[in-house]
Amino acid sequence: MKKRESKVLSGIWDFRYFKEKPVLETAVCNETMVVPGCFDSTVKNAGLRGFGLYRKKVIAGGKQKLYIDGAGVSAEIFWDNKLIGVMQYAYMPYEFEFDAGIHGNHELSILVDSHYNYDFELYFDFFAWGGIYGDVVLESLPEKAIGLVRITTADYKTGQIRVRAELPAGVKNFMLVFDNLKTVDCKSECENVDMLFHVPNFKLWSDLEPHLHSLVFATEDDSVEVTFGIREIRTEKRKLLLNGKELKLAGFCRHESHPTFGAATPETLMLFDLELIKSCGANFIRGTHYPQRKKFLDLCDRMGILVWEETLGWDVKPPKLHSDEFKIHQLEEVALIGRFSVNHPSVIIRGFLNENESQYPETLPLIQALTDAFHALEDGTLVTYASNKYENDCCLAPVDIVAMNPYPGWYDMENPHPRDEANVKPRLSAIADAMPKDKPFLISELGAAAMIGFRDWSRTRWTEDYQADVLREACEFALEDDRCCGIAIWQFCDSKSYNYGNGIFGRPKGNNNKGVLDDYRRPKVSWDMLKTMLGKIVKKDRLKY
Ligand code: ADA
C-alpha cells in the first residue's frame with residue numbers, strides 16, 4: 001500500500017517582527033522563533049501588534065499539501081516568495097495544495113498579520129494573539145491523490161458507518177482496512193464515494209468509554225488513514241441522548257490561552273488541561289469562541305471529552321450582523337469546519353455567533369442559514385448558538401439545543417453587596433421556564449470573577465469565596481433541575497483580555513478573571529467544590545450505563 005510522506009515542520013524557524021508589512025524579496029529574518037509560537041508572547045515582541053515573518057528552508061518538490069493547524073489574526077503563505085494561500089480566519093486549520101517545483105531546496109514563508117480585522121474585532125473579550133498557533137505539516141501527494149475522507153455513524157446499534165470520500169478522476173477501485181485487520185475491496189460508480197459499511201467487532205464511543213477505530217482508505221496510488229468513533233448524539237424533548245441513553249453535560253468554557261504560550265498552547269499543556277478536567281469528573285468543553293485545533297480534538301477523542309466547537313463571531317451587532325458580507329464569511333467558516341473537524345466523535349455540538357442580537361426577528365434568516373449549513377454536513381452533530389437574550393430570544397426555532405449564557409450573581413443583578421442576593425437558582429429557574437419545552441436547555445456560560453488569593457470573610461464580589469458560592473448554586477441547579485441538560489462554567493482558567501478603556505476592556509490585570517483556575521492553572525477555592533459537583537451531574541441517571 002502506498003503511503004504518503006509527511007514532514008512535521010514544527011520546531012525552530014527564522015523570524016522577524018515588522019511594524020509595517022515587509023517586502024518579502026528583501027526582508028531579512030535574522031531572529032529566532034519556534035513553531036507553533038506566538039510572537040507577541042515572546043519577551044522581545046510582547047504585546048506588539050504588526051507583522052511576524054516566519055521562514056523555513058525545506059527540501060521538497062512536486063505536488064504537496066501544506067496543513068497549518070491554526071494561525072492568527074490572519075496569515076499569508078508563500079513558497080519561494082510566491083503566494084500559495086491565505087488564512088483569513090483566526091484559529092481555523094487550513095490546508096493548501098500546490099506545486100512545489102523541482103525537488104530540492106525551497107523556502108516556506110508564513111507572514112502573520114496580528115492587526116484586528118473584519119472577522120476578529122478589537123472589542124472581542126479575548127486577546128488577539130499574533131502567531132502560528134498549531135503544527136505545520138507538509139505532505140507529498142501522489143498525482144492521483146485521494147481527497148477528504150469523512151466517516152459518520154449511520155447506525156450505532158449495528159456499527160454501521162457512512163464513508164464519504166473524494167476519489168481522483170478516473171479511479172474507481174479502492175480498498176478499506178478496518179483496525180489494521182479486516183480488508184474490504186470496493187468499487188465506486190462515481191468520483192464521490194458515499195457508501196455504508198459495517199465495522200467488524202465494533203465498540204461504541206462515549207465519554208465514559210471512548211473506543212476509537214481506524215480506517216485506511218487506499219487506492220492503487222495512495223492511502224489515507226482516519227480515526228473515528230461510532231456514536232449517536234440526538235435530542236428527545238428536553239433531553240440529550242448519547243447512544244440512546246440520557247446524557248448530562250458538565251464542564252467548562254475554555255480559551256486557548258496561556259501567559260507564556262499565547263494561543264499556541266503546546267500539546268503537553270492541552271493534555272494537562274484535559275487531565276484536570278477529567279480529574280474533577282467533568283465531561284464537557286465548550287471551545288470558546290472559535291474552531292478548535294486538530295491536536296486538541298484528537299486528545300478529546302481519546303480521553304472521552306465531549307466538545308462544542310463554534311465559528312468565530314463574538315457579540316457582532318447590526319448592521320454588520322445582518323449584512324450579506326458577514327453571512328458569507330460565517331458560511332465560509334462553517335464549510336471549513338466541515339472540512340477540517342470531521343471524524344472527531346468528541347465534537348457533539350457545533351455553534352456560531354456567540355451572544356448575537358437574537359432578540360430581533362431580522363437575525364433569524366442568518367441563524368437559519370448557519371444552522372442549515374451545519375446540518376447539511378450530515379455528520380450527526382447538534383447545532384446551537386450561545387444566547388444572552390433569555391426570555392427575549394426570538395430566533396430559537398431552527399436550532400437543536402437552546403443554549404443560554406446567564407450571569408446571575410455577576411452581571412444580572414442590582415445589589416453591589418449581594419452575599420445573600422446572588423439570585424442564582426431563581427433566575428436559572430425563570431429562564432428554564434421561558435425556554436421551548438421541546439428542546440434541551442443548556443447553560444452555555446455562567447461565572448463570576450475571582451482574583452486568585454483574594455479571600456474575605458464577607459465573601460464579597462471578586463473573592464474566590466464569592467465565585468465558589470455562585471458556582472455551587474449553579475451546579476446544584478444543573479444537578480437537580482431536569483429541565484437543564486448541562487452546564488459549561490465560564491471559565492476553565494483566567495485568560496488574557498485587555499485592560500485599557502472602560503467596560504470589558506478594563507479587566508483587572510488585563511485578564512478575564514472568571515477562571516476557576518488562574519492563567520497558570522493554579523486552583524481557586526471553587527475548584528474543590530466543582531470536583532464533587534461536576535461528577536455528580538455527569539453521573540446522574542447514568543449509573544446503569
Ligand atoms: C460573555 C462572553 C464571554 C465573556 C463573558 C464575560 O458571556 O460570551 O466571552 O466575555 O461574557 O466574562 O464577561
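The values are calculated or read from the model by the stated rules, or taken from the named source; none is laboratory data. Quick caveat: nothing in here was measured; it's all calculated off a predicted structure. Note: ideal-geometry Cβ built from the backbone for every residue, glycine included; neighbour counts use all protein chains shown. Calculation scope for accessible area: heavy atoms of the full protein, side chains included, ligands and nucleic acids excluded. Shrake-Rupley method; radii C 1.70, N 1.55, O 1.52, S 1.80 Å.
Points worth noting:
- Among K63, K514, the sequence by solvent-accessible area, most first, with a 1.4 Å probe is K63, K514.
- Taken over the alpha carbons of the range 3-44 as equal point scatterers, the Debye sum produces base-10 log I(q)/I(0) values at 0.21, 0.25, 0.26 Å⁻¹ of -0.79, -0.97, -1.01.
- Unit Cα scatterers, Debye sum, the range 43-115: log10 I(q)/I(0) for q = 0.22 Å⁻¹: -0.97
- Accessible area, probe 1.4 Å, largest first, for residues R427, R339: R339, R427
- Portion, in percent, of the accessible area of the chain that falls on carbon or sulfur, probe 1.4 Å: 53 percent
- Rounded to the nearest 10 Å², the accessible area of V399 at probe 1.4 Å: 0 Å²
- Equivalent ellipsoid dimensions for the range 402-535 as semi-axes, Å, which come from the Cα gyration tensor, largest first: 24, 16, 15
- Share antiparallel - DSSP beta bridges, the chain, percent rounded to 5: 75 percent
- Rounded to the nearest whole angstrom, the semi-axes of the ellipsoid equivalent to the chain, taken from the Cα gyration tensor as √(5λ), stand at 38, 31, 21, largest first.
- Along the range 61-72 the Karplus relation, 6.51 cos²θ - 1.76 cosθ + 1.60 evaluated at θ = phi - 60°, assigns HN-Hα couplings of x, x, 6, 10, 10, 9, 10, 10, 8, x, 8, x Hz to successive residues, with x for each Gly and Pro.
- When the listed pairs K65/K187; K203/K248; K19/K44; K320/K514; K157/K295; K203/K536 are checked against a 23 Å cut-off, the alpha-carbon distance exceeds it for K65/K187; K320/K514; K157/K295; K203/K536.
- Chymotrypsin sites (Phe, Trp or Tyr not before Pro) restricted to DSSP loop in the range 76-140 with at most 16 other C-beta within 10 Å: Y116, Y118, Y123
- The range 186-236: translational diffusion in µm²/s, Stokes-Einstein, Kirkwood Rh over Cα pairs, 10 °C, 1.306 mPa s: 118 µm²/s
- Sequence of V34, V347 from largest to smallest accessible area, 1.4 Å probe: V34, V347
- A 1.4 Å probe run over the protein chains yields, for the range 355-416, 36 Å² of accessible area per residue, whole-number rounding.
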